[in-house]
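Input: a single structure, listed below in structure tokens.
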Amino acid sequence: MKATVHYFAALREKKGLDMEEVDVRPGETVKELYYRLFPGKERDLPVAYARNAAHTSSDTPVQSGDEVAFLPPLGGG
């Protein structure tokens, strides 16, 4: 199964990508996918999740063909 993952702000800088297609494990949730893709200190960010252009909870399963976005907090002034 494949899904498209979109990265924003600090996560985009960390990955060096705006988006990529990734393999998704059966039953994997958006939070589990995030933890797998970001095994380091990024886990401490209060990230919001989106699936198919709608905000979603962390326990939402990712399906083949989904578009997933990880939305870290934005700074500014």
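What the table shows:
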quantity	calculated
Of all residues making up region 19-49, the number that are in a loop (DSSP other than H, G, I, E, B) and either of a type in the set (Phe, Trp, Tyr) or modelled with pLDDT under 95 (or both)	6
Residue count for region 22-67, restricted to those that are under 15 Å from Thr4 (Cβ atoms) and of a type in the set (D, E, K, R)	5
Looking only at region 1-18, and only at residues there that are part of a loop (DSSP other than H, G, I, E, B) and not charged (D, E, K, R), the one that is nearest to Pro61 (Cα to Cα)	Met1
Residues within region 1-60 that are touching a residue at least 60 places away in the same chain (Cβ under 8 Å) and closer than 20 Å to Pro73 by Cα, tallied	7
Residues that are surrounded by 11 or more Cβ atoms within 10 Å (Cβ to Cβ) and either of a type in the set (Phe, Trp, Tyr) or more than 18 Å from Glu21 (Cβ to Cβ) (or both), drawn from region 43-54	Arg43, Leu45, Val47, Ala48, Tyr49
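The values are calculated or read from the model by the stated rules, or taken from the named source; none is laboratory data. The shown structure was predicted, so the numbers you read here are calculated from the model rather than taken from an experiment. Backbone-built Cβ (ideal geometry, glycine too); neighbour counts: all protein chains shown.
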